[in-house]
Amino acid sequence: MIARPESAEALRNAPAALQAGVSCFSTLGCPELSLAESAALARAFHVPHLELRAVESRTDLPVVLAAFPGGWAGVREHLRLHNVSAQILGTSFKLIGGSAGDWNELLTFARLAEALDVPWLRAFSGGTWGEPVTEADCAAAAASVRRWRDEKMRNHWRVDLLVETHDAFSASEPCRRLLGRLDDPVGILWDSHHTWRLGGEEPWETWNALGPHIRHVHLKDSIGVPSARHPFTYVRPGQGEMPVDCVLEVLAREGFSGAVSLEWEKMWHPYLPPLAEALAACRDKGWL
């Protein structure tokens, strides 16, 4: 467990050697690009991993990637030849309240992940931030995880599920309640902005609560000015209030070995500048 630092300023001034860095970006930030163009952008910024969420302005990845030359196998070969790996597929599946159609879509994403050798699928918890997470909610979420594990075992899949700190589970406490209902806790995708901005947690607090289960991390930055969709506004990395340095320092001190992904949400927030500008801002801050 990491101890509370003496001050946030001490973390911001941590030596560079103690900082992790961005090793991945979400294609949510460049939704208009093709798979090949996203891979080229990753190479241009020396980013080894992609988080696939949108391609050619579509999120139905199994369908859109089937049209790539050579189909799914062609995608895998293209990424291999260009030394870029797909680290996670971003599904829209919610553990709470998912329909039969949503479940079938998740399984199709799992087949795509197996074809591409992608280790993780992202799922949302469901619910709404600010509304209480009931015991029935936690039970439903845990039942979805168990159902997924049954499918994973039946199909001999290697890919596994990560639950993002999102929706009603944007803080550590509801996540810990879900983990406590499972004999084998599910992995966590730590959206560090959500737990800080919505959950009111410092990065070290979230790590202390969820660290052993965190497998993938999202980074972004914002200011506390309302935007069209949120009570905050996303800004270029390093120009907002998010303690990004603190997140990276915690990850480095704890020897985190997963991917740290810039989640630039341009698909949902068109006011944002191009992803290349956000990556350049990370590079200028020494985070890339």
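Coordinate-derived values only; no laboratory data. Small disclaimer: the values here were computed from a predicted structure and weren't measured. Heads up, the Cβs are rebuilt from the backbone with ideal geometry, glycines too, and the neighbour counts pull from every protein chain shown.
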TODO: Provide the convex hull volume over Cα atoms per residue for segment 141-288, in Å³.
DONE: 127
TODO: Quick one: among A140, A42, A113, which has the greatest mean-square fluctuation in a GNM of the chain with alpha-carbon springs under 10 angstrom?
DONE: A140
- [ ] Give the longest segment of the chain that steers clear of trypsin sites (Lys or Arg not before Pro) in DSSP loops with at most 14 neighbouring Cβ atoms within 10 Å, not counting the sites themselves.
- [x] 1-157
Task: Relative contact order, percent, the chain [alpha-carbon distance under 8 Å, six or more residues apart] - done: 22
TODO: For the chain, state the average projected area of the convex hull of the C-alpha atoms over all orientations, rounded to one decimal in nm².
DONE: 14.5
Open item on the list: Quick check for the chain: number of Lys pairs with alpha-carbon distance under 28 Å, counting only pairs 8 or more apart or on different chains?
Closed with: 6
Open item on the list: Please list 3J(HN,Hα) in residue order for segment 91-108, calculated via the Karplus relation 6.51 cos²θ - 1.76 cosθ + 1.60 where θ = phi - 60°; whole Hz, with x for glycine and proline.
Closed with: 8, 9, 5, 10, 5, 9, x, x, 8, 4, x, 4, 5, 5, 5, 4, 5, 5
Open item on the list: Over the chain, with a Gaussian network built from C-alpha contacts below 10 Å, which listed residue (V250, V225, V159) shows the highest mean-square fluctuation?
Closed with: V225
Open item on the list: Please report the antiparallel percentage of the DSSP beta bridges confined to segment 18-284, to the nearest 5.
Closed with: 10
Task: Choice from P237, P274, P174 with maximal GNM fluctuation in the chain (Cα, 10 Å cutoff) - done: P274
Open item on the list: Residue by residue through segment 184-193, what is 3J(HN,Hα) from phi via Karplus (6.51 cos²θ - 1.76 cosθ + 1.60, θ = phi - 60°)? Round to whole Hz and write x for glycine and proline.
Closed with: 10, x, 6, x, 10, 9, 8, 7, 5, 5
